[in-house]
Amino acid sequence: MIYLILHFGLKVVFWIKFSAKIYGAEKVPAGGPLLIASNHVTNWDPFLVHRAVPIRMAFMAKEELFKIPVLSWVMKNEKVIPVRRGAADRNAIRLAIAALKSGRVLGIFPEGTRNQSGELQDFQPGMTMLAVKAQCGVVPTWLEWSFKGTVRVYIGDLIHPPAEDSSKEEQVAFTEKVRSKILELGEKAKEG
């Protein structure tokens, strides 16, 4: 029930506050396990990705957000996974892998933090580790915000991870493939 209210509310907010256009939503598989990997520019990004992806999903989010009363209640009901930043949070990783293996869809920002420069930064190792350990595909996504209050979401094709026993080189290549696909979506967004 919370999900339906949240999804409808986000539709209304993005219709009123932003002119949001979504390209490629049909590329998202009908269910999990799945990671939705996106660039991260604003505090609105998790809500926008949640709105753009046509299936139920949750995010991994910094634990500080769980101190905000109403937001904390919503995140707990949506089974958002809290992450302790600044160190390897083994509990968050364990919870995320378990969620993915149970068929859930998780949103993740592989840069690890917001980046308002518009340039995609290097990825943290978490996305690839989760994809490989849970053997779930990754859907690359690009969010393009404009100063006029418009936002466009570009969703790419599913990318399958290497096998669980893959080499470090194969995992690095996978990370770079996802990153390059997100960059391609960013180029497409800049072309209009």
For this session: Let me have the 222 nm mean residue ellipticity of the chain computed from DSSP H runs of 4+ only, each contributing -39500 (n - 2.57), with the sum over all residues rounded to the nearest 500.
Result: -12500 deg cm²/dmol
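Find the relative contact order for the chain and round it to a whole percent, using C-alpha pairs within less than 8 Å whose residues are 6+ positions apart. Mind showing how you got there, number by number?
Working: 316 pairs, mean separation 54.8, N = 192.
Result for the chain is 29 percent.
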Problem set entry | Amide H within-cut-off set for residue 107, under 5 Å, with H built and near neighbours excluded | 36, 58, 59, 60
Seminar exercise, completed: the stretch 10-108, convex hull of Cα, quarter of hull surface, nm² -> 6.9 nm²
Exercise. How big is the antiparallel share of DSSP beta bridges in the chain, given as a percent to the nearest 5?
Worked result: 25 percent
Problem set entry | the stretch 57-87 residues near the modelled residue 113 label - backbone nitrogen below 19 Å, point 7 Å along Cα→Cβ | 60-67, 82-87
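Sort 90, 51 from largest to smallest accessible area, using a 1.4 Å probe on the heavy atoms of the protein chains.
In descending accessible area the options line up as 90, 51.
Just round it to a whole percent: the fraction of Cα-Cα distances in the stretch 113-153 exceeding 11 Å. It would help to have the intermediate numbers written out before the result.
Working: 615 of 820 pairs.
The calculated P(r) of the stretch 113-153 puts 75 percent of pairs beyond 11 Å.
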Exercise. Could you give P(r) for the stretch 98-192, binned at 10 Å from zero, as whole percent values over all Cα-Cα pairs?
Worked result: 15, 46, 29, 9, 1
Seminar exercise, completed: Burial-style ranking of 153-165, 38-50, average other-beta-carbon count within 10 Å with highest first, yields 38-50, 153-165
Exercise. So what is the orientation-averaged projected area of the stretch 86-146, using the convex hull of its C-alpha atoms, in nm²?
Worked result: 4.8 nm²
Seminar exercise, completed: Phi angles of the stretch 75-86, converted by Karplus (6.51 cos²θ - 1.76 cosθ + 1.60, θ = phi - 60°) into ³J(HN,Hα) in whole Hz with x for Gly and Pro, give 5, 5, 5, 8, 6, 5, 9, x, 10, 7, 8, x
Exercise. Hey, what do the phi angles of the stretch 121-135 turn into as Karplus ³J(HN,Hα) couplings, whole Hz, using 6.51/-1.76/1.60 and θ = phi - 60°, x for Gly and Pro?
Worked result: 7, 4, 8, 6, x, x, 4, 5, 4, 5, 4, 6, 5, 8, 6
For this session: Could you list which residues have their amide H under 5 Å from that of residue 20, counting only those 5 or more apart in sequence or on another chain, with H placed in the peptide plane?
Result: 151
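How large, in Å, is the chain by the Kirkwood hydrodynamic radius built from its alpha-carbon pairs? If you can, show how the numbers build up before the last one.
Working: mean 1/r = 0.0594 Å⁻¹.
Computed over the chain, the radius equals 16.8 Å.
The values are calculated or read from the model by the stated rules, or taken from the named source; none is laboratory data. From a predicted model like this one, the values you see are computed outputs, not experimental measurements. Heads up, the Cβs are rebuilt from the backbone with ideal geometry, glycines too, and the neighbour counts pull from every protein chain shown. Ligands, DNA and RNA are excluded from the accessible area calculation, which covers all protein heavy atoms including side chains. Shrake-Rupley method; radii C 1.70, N 1.55, O 1.52, S 1.80 Å.
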